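A short write-up of the structure that comes next.
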Amino acid sequence: MTLTSLYPPLTTISDLPQSLQSDGFAIIAAENVAQIAGVPLKQLIDLTQYWNDLPRDPYLKDGGRYRYRRHVSYEVKGDALTMVSHRAHWQSVDYNALHGGIERWFEPAQAELSNSSAWQSLIVGITRILNSVKLVNTWFVEAHQFRIDTTDGIGRPTPEGAHRDGVDFVAVFLLDRVSIKGGETRIFDATGSAGLRFTLTQPWSLLLMNDERMIHESTPIQPIGAHGHRDTLVLTFRSNGFQDSPNRSQQ
C-alpha cells in the first residue's frame, strides 16, 4: 500500500544509518543537513545563487525547454575530496530508458561553487554518513545542479519516469520552489509495492536513498501565476567507479 503525506517523515542524524539499512531511505531537515556538513545553514543557502546561472539542457529527447543543469565529478577517500577532469554523464539504458546509452556533456559547475568550503564540506559530510552504512575505499561522486522551470507551462523533473540511477546512494536536496505547484516526490521499494509520497518544501532539506533498493521520481510542476521554477541538487555515490560509456570519449 502506498502512503501519502504532504509533509515527509523526518529522520534524525543518529537514526540515519539505521534508516538507510532498514528502510532504504531517510529524509533529513535542512538544519540537520547543515550539521552533517559542519557549516551554518546560511552558508548552504548562500550556495543557491549559483542555480541562477545554469545552461539549458540540450539533450532532452521530448523536445522540452524546461531543464537547466551543470555537472561535476569527484573522488572522495576518507575526508579527502578531489575533483576529477570534466567528464560526460552516462547511464545505461537499463537505468535510463529515455536518455541512457549516450554521453551527455553538460557544462561544469561554476568554479566559485566548486571552490566553496561549504560545498566541499557538504559532499564529504554525506560520504561520512554513507561510510557508516557501507565502508568503501573511494566514493565516486557526481553532482548535478538542476533547475526545472515552467517556460512552456509544465516542467518535468524526471522525464524518464520512475527509475534507479545505477549507483549505491542518491542524495536529492530541495533548494528552492518558486511560484509552482506539483513536484511531489515518490519513492517505491524496488522489490515490492510499498511506497511513500510527499513534497519537499524546506530549502536544503534532503532525501537520501539506497539506490539499489529504491525507485524514485518527481511529478511535473506547473506555475502559480506567470512563471515558476524548482531548484535541486542531486549527488550520486558509487563505490566501484564512475559509470562510463564503453566507447568513452574525451572533451
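A few comments on the model shown:
- When each of the peptides 207-219, 51-63 is scored by how many other beta carbons lie within 10 Å of its residues on average, the order from highest to lowest is 207-219, 51-63.
- Overall shape: prolate for the stretch 131-222, with the ratio a/c of the largest to smallest alpha carbon gyration tensor axis at 1.5 or above and a/b above b/c.
- Close amide H pairs (under 5 Å, H built 1.01 Å from N) link Val84 with Ser73, Tyr74, Glu75, residues at least 5 positions away or on another chain.
- Cα Rg over Rh - the stretch 13-238, Kirkwood: 0.93
- Approximating the spin labels as points 7 Å out from Cα along Cα→Cβ, the Trp105-to-Ser245 distance works out to 0.9 nm.
- The overall shape of the stretch 38-84, judged from the alpha-carbon gyration tensor, is oblate: a/c is not under 1.5, and a/b is no greater than b/c.
- Relative protection proxy for 77-89, 178-190, from highest mean packing down: 178-190, 77-89 (other beta-carbon atoms within 10 angstrom).
- Volume in Å³ per residue [convex hull over Cα atoms, computed for the stretch 172-220]: 67
- Note, ³J(HN,Hα) from phi for the stretch 198-211, Karplus 6.51, -1.76, 1.60, rounded to Hz, x at Gly and Pro: 6, 10, 6, 10, 6, x, 6, 6, 9, 10, 10, 10, 7, 5
- Model label points for Arg56 and Gln222, set 7 angstrom from Cα along the Cα-to-Cβ axis, are 2.4 nm apart.
- Cα-based Rg of the stretch 77-207 normalised by 2.2 N^0.38 Å, two decimals: 1.16
- Counted residue by residue at 0.36 nm each, then reduced by the alpha carbon distance between them, the extension gain from Ala194 to Ser22 reaches 60.6 nm.
- Using θ = phi - 60° and Karplus 6.51 cos²θ - 1.76 cosθ + 1.60, couplings along the stretch 45-60 (whole Hz; Gly, Pro as x): 4, 5, 5, 4, 4, 6, 7, 7, 9, 10, x, 5, 5, x, 9, 5
- Mean separation of Cα contacts under 8 Å (6+ apart) over length of the chain, as relative contact order %: 28
- Neighbourhood charge, 9 Å Cβ-Cβ cut-off, centred on Thr48 and excluding it, Lys, Arg +1 and Asp, Glu -1: -3
- Amide hydrogen neighbours beyond the local backbone of Ser205, cut-off 5 Å, H modeled: Ala30, Leu174
- In this simple spin-label approximation, Ala162 and Thr201 carry label points 7 Å from Cα along the Cα→Cβ vector, and these lie 2.5 nm apart.
Values quoted throughout were computed directly from the atomic coordinates according to the rules given, and no laboratory measurement underlies them. Please read all numbers here as calculations on a predicted model, not as lab measurements. No Cβ is skipped: glycine too gets one built from the backbone with ideal geometry, and neighbour counts run over all protein chains shown.
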